[in-house]
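A quick write-up on the structure given underneath.
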2 protein chains.
Amino acid sequence: MDKPSFRERVLVAREQAIVEAANRLLAEKGFDLMTVDEVAAQVGIAKASLYKHFSSKESLAAAAMVRLMDRALAFVAEREALDPAPAPLDQLKAVARWSMEVQMAGEMPSLPAQNSSLRAELTGRADYLDRLFELSDRIGAWVEAAQAAGALNPQLPPEVVLYTVYARACDPVLAVLRQAGSASSEQIIDWVLASCFDGLAAR
Amino acid sequence: MDKPSFRERVLVAREQAIVEAANRLLAEKGFDLMTVDEVAAQVGIAKASLYKHFSSKESLAAAAMVRLMDRALAFVAEREALDPAPAPLDQLKAVARWSMEVQMAGEMPSLPAQNSSLRAELTGRADYLDRLFELSDRIGAWVEAAQAAGALNPQLPPEVVLYTVYARACDPVLAVLRQAGSASSEQIIDWVLASCFDGLAAR
DNA sequence: GTCTATAGAAAGATAGAC
DNA sequence: GTCTATCTTTCTATAGAC
């Protein structure tokens with residue numbers, strides 16, 4: 001590992017700025033409505049310069065997803081390092097809460113599941129898939145542990161629990177409640193978290 | 001009310017065919033990726049002819065939403081007419097199940113919440129808003145009744161319950177589980193319904 | 001690598017004949 | 001009202017100078 005030169009560090013910093021701008025715009029407008037012009041404008045460079053760093057709009061979105069996975073993996077690692085270790089069910093609640101906080105902060109990129117060119121890019125990128133699989137492994141371990149401890153609804157298979165936790169990241173209820181305007185972001189997240197883990201029905 | 005002429009009935013039937021095609025394509029690809037050309041092609045008419053019926057892509061999507069609201073109101077009316085009347089909580093479960101069935105059947109139009117021209121069209125159309133408010137009133141009445149009966153999680157305000165039920169219509173967990181391929185649509189819906197009302201945590 | 005300028009393609013919307 | 005043909009705009013992507 002050579003020490004990176006000044007030039008290289010500037011380059012990396014610029015790429016980070018591009019990805020962060022893309023991430024914000026993906027959260028705000030979604031993939032289809034985000035334009036590469038806007039991203040370049042936010043970074044303060046020309047569109048042609050952006051295309052020297054990322055070969056397509058899809059690869060730019062994929063880079064934003066890789067960054068999101070890295071943030072998620074870092075959060076999970078933090079939680080795994082806690083001593084004493086929290087109960088697995090609490091770990092699941094924590095990661096669900098974290099993803100909702102990211103969404104509420106306007107930092108959760110929203111990609112249409114239907115867009116095939118985007119799907120092709122994501123499923124063809126090992127850096128993204130590796131992170132996604134590792135994240136699923138780690139959260140999946142919490143699911144199994146919680147199930148073994150009898151803390152999870154025994155009706156539900158592990159994948160259902162995993163995907164339901166993932167889905168909090170794009171839960172539209174957050175935005176609707178915020179637009180209604182009668183509660184704080186924290187209160188809204190508490191409500192959605194309670195409905196997710198405790199259910200709508202009385203206990 | 002004059003009896004509609006043959007010509008008029010043909011016209012109405014054609015508009016229905018257009019809206020149904022748009023509805024399917026909205027479900028399949030979403031608003032941004034659906035093209036007016038495709039809709040026209042599916043109906044078997046020229047794009048210019050479609051624009052004689054609907055003044056814009058947005059108004060076409062709005063017509064699909066009005067149709068969806070009518071279907072939902074019809075379902076709710078059916079459930080209200082049952083004798084003996086089901087428990088309010090079961091009514092809520094029934095409408096959540098219905099909306100998931102519509103999604104699984106590929107008939108749930110998916111509109112991006114972020115698109116402002118589309119939002120402007122929807123919030124400017126009394127025919128859509130009237131139906132949405134009426135639907136919310138009726139389902140809201142079930143929520144209140146269920147709450148009064150002590151059947152709902154007392155932590156949650158009524159709007160949270162209402163929006164959480166609505167959100168099942170676009171729950172991405174359904175599509176992910178179906179793509180995983182290991183369960184029937186009916187089984188998947190049962191799981192998601194259980195996680196929604198009973199929660200992920202054990203009782 | 002960054003810029004300006006532009007090519008190329010897609011899609012919403014319309015003109016005008018019938 | 002329906003068609004073919006076209007306009008217009010928007011956006012992705014690239015060419016070519018520096």
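Values in this text are rule-based calculations from the coordinates and carry no lab data. Please read all numbers here as calculations on a predicted model, not as lab measurements. Cβ: placed from backbone, ideal geometry, glycine included. Neighbour counts: every protein chain shown.
Remarks
- In sequence order, calculated HN-Hα J values of region B:171-178 (Karplus, 6.51, -1.76, 1.60; Hz; x Gly/Pro): 5, x, 4, 4, 5, 5, 5, 5
- Neighbouring partner chain Cβ atoms per residue of B:78-89, average, 10 Å criterion: 0
- Highest mobility in the GNM of chain B, judged by mean-square fluctuation with C-alpha springs under 10 Å and restricted to B:Ala145, B:Ala167, B:Ala81, is found for B:Ala81.
- Neighbourhood charge, 14 Å Cβ-Cβ cut-off, centred on B:Glu20 and excluding it, Lys, Arg +1 and Asp, Glu -1: -1
- For B:Ala149, inter-copy label distances in nm, listed shortest first [label point 7 Å out on the Cα-Cβ vector]: 3.5
- Diffusion coefficient of the protein assembly as shown by Stokes-Einstein, Kirkwood radius over Cα pairs, 4 °C, 1.567 mPa s: 56 µm²/s.
- Per-residue Karplus couplings for region A:68-75, computed as 6.51 cos²θ - 1.76 cosθ + 1.60 with θ equal to phi - 60°, are listed in order as 4, 4, 4, 5, 5, 5, 5, 5 Hz, Gly and Pro entered as x.
- Distance from the alpha carbon centroid of region A:119-168 to that of region A:20-91 works out to 20 angstrom.
- Of every Cα-Cα pair in region B:1-52, the percent that sits beyond 13 Å: 59 percent
- Other copies of A:Ala105: label-to-label distances in nm, shortest first, labels 7 Å along the beta-carbon direction: 4.3
- The relative contact order of region B:6-198, computed from alpha carbon pairs under 8 Å that lie at least 6 residues apart in sequence, is 26 percent.
- Total formal charge among the other residues, if their Cβ is under 12 angstrom from that of B:Tyr51, Lys/Arg +1 and Asp/Glu -1: +2
- For chain B, calculated [θ]222 nm from helices alone, where every DSSP H run of n ≥ 4 adds -39500 (n - 2.57): -24000 deg cm²/dmol
- Pairs from B:Lys47/B:Lys93; A:Lys57/A:Lys93; A:Lys29/A:Lys93 whose Cα-Cα separation, in the structure shown, is over 30 Å: B:Lys47/B:Lys93; A:Lys57/A:Lys93
- Once the mean of 1/r is taken over each pair of separate Cα atoms and inverted, region B:6-198 shows a Kirkwood hydrodynamic radius of 18.1 Å.
- Using the Cβ-Cβ distance between A:Ala13 and B:Ala180 with R0 set to 41 Å, the FRET efficiency works out to roughly 0.55.
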